[in-house]
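This report concerns only the one structure given below.
The values are calculated or read from the model by the stated rules, or taken from the named source; none is laboratory data. If you're wondering where the values come from, they're calculated on a predicted model, not measured in any experiment. When we count neighbours, we look across all protein chains shown, and the Cβ atoms used for this are built from the backbone with ideal geometry, even at glycine.
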């Protein structure tokens, strides 16, 4: 029993030793590799890094959200702008379409009104051949035509009588004939066509032929509005012509208006085709202001006698000096494409905006040496210009050329020297000199430059025009040709069956009564 207890004792001691040894081994191991605690700053830094990272992540998330919101807002604004631009473009397109529709309706209305008025005309007493020629030449244009005899005032035809008699139009550049007449009589333009008080490198012939606005505005500025009105009334503007048809309007003249455009564009004037016909007739017939009349009955036609309202008691060469520029318009100027030069047509175009649309005019006579026809055409419409009115008149002259007694021999080259335009410049040069607001330049098909340097260069290089006058003809021992042609009378000898070679000539006498 003693040994049993001892054995148990040794087992207990052995277990304790094992436990002690194990404990001692673990302690030795821990002592050999001690675990150092983390420094306090490192822990703090780690916490800061974690916190900073967390803040940055939060800010990044916030910025991302803000960026996404801004992008969305930007896209929304851009979409709104695009939508607004599309809406604005749609409104512009709609306005353009509406304007075009109104324009087309207005144009159709003008043509419809012209057709209706022509159908309602009273052709009694008119020359039906002339009327057919005028209607055919007018074609699809909206306008009116007046054809008269410039020596007697006999009305051959009025197409669209309502417009010609009861309505008035802005004269546009046809008013330059009045400015030229006044400038010549007031010695603001000399007989060479040069402006006396201003330096301008163009003569009267080219200024009328190319419808140069600056030339006439310079003359008109020196003339003044009151004198301009007086000369306009002297030529029959601003009062009824005395036509034997009721309802004739007298038009309008610009009292107390000194705007330069009244001398070049006809601003504040209102004229009728009849008044323009009377004016160009007076220029070509020696200053007799005729009274247009329509012979209604057979007796009136057979016994027709022209009436004169008054004689313009000014030097004859004042009116005659205007004629070369009118011939120049037909030969090389604004009307050159529309008329036959061999018919000796003299006229003045006009193109401007009046009454809400473009107005194209052409006032003319032919043949200028012995005028037998005066044709005035006025057209209305956005596409109308003076050159198209001249083309209508040209067709009328061609249709009636058998009435223009030229015998196939007369042409521009045979005109009396004092009636020939003395051109010194071309259309391009005229446009470059025209620094005034231009509307008639499209008649000549040129582009106006108007730079001061160009004008100075032109003034230095252009030779002043030298118009041949009656005095210079005498100095050159040239035989002066009268305005109206000489009538040649042949006689037969009793012993001859053929015409005698001896001819008796006498000047053509025009009855002014």
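Looking only at the range 170-184, decide whether some residue is touching a residue at least 40 places away in the same chain (Cβ under 8 Å), surrounded by fewer than 24 Cβ atoms within 10 Å (Cβ to Cβ) and out of contact with any helix residue (DSSP H, G or I) (no Cβ under 8 Å at 6 or more places or on another chain).
Yes, the range 170-184 has at least one match.
Would it be correct to say that residue 116 is touching a helix residue (DSSP H, G or I) at 6+ places or on another chain (Cβ under 8 Å), at pLDDT 95 or above, surrounded by fewer than 21 Cβ atoms within 10 Å (Cβ to Cβ) and part of a helix (DSSP H, G or I)?
Details: touching a helix residue (DSSP H, G or I) at 6+ places or on another chain (Cβ under 8 Å): no; at pLDDT 95 or above: yes; surrounded by fewer than 21 Cβ atoms within 10 Å (Cβ to Cβ): yes; part of a helix (DSSP H, G or I): yes.
No; evaluated as a whole, the condition is false for this residue.
Given the criteria under 12 Å from residue 178 (Cα atoms), surrounded by 24 or more Cβ atoms within 10 Å (Cβ to Cβ) and either under 26 Å from the mean Cα position of the chain (by Cα) or modelled with pLDDT under 95 (or both), does residue 229 qualify? Working first, answer last.
On the way: under 12 Å from residue 178 (Cα atoms): yes; surrounded by 24 or more Cβ atoms within 10 Å (Cβ to Cβ): no; either under 26 Å from the mean Cα position of the chain (by Cα) or modelled with pLDDT under 95 (or both): yes.
So residue 229 fails the test.
Residue 384 passes all but one of (1) surrounded by fewer than 24 Cβ atoms within 10 Å (Cβ to Cβ); (2) at positive phi; which number fails?
Only one criterion in (1) surrounded by fewer than 24 Cβ atoms within 10 Å (Cβ to Cβ); (2) at positive phi is unmet by residue 384, namely (2).
Can you list the strands (runs of 3 or more DSSP E) lying wholly within the range 299-386 that have 3 or more residues being touching a helix residue (DSSP H, G or I) at 6+ places or on another chain (Cβ under 6 Å)? Give the derivation first.
Working: elements: 307-311, 346-354, 357-366, 373-380.
Answer list for the range 299-386: 346-354, 357-366, 373-380.
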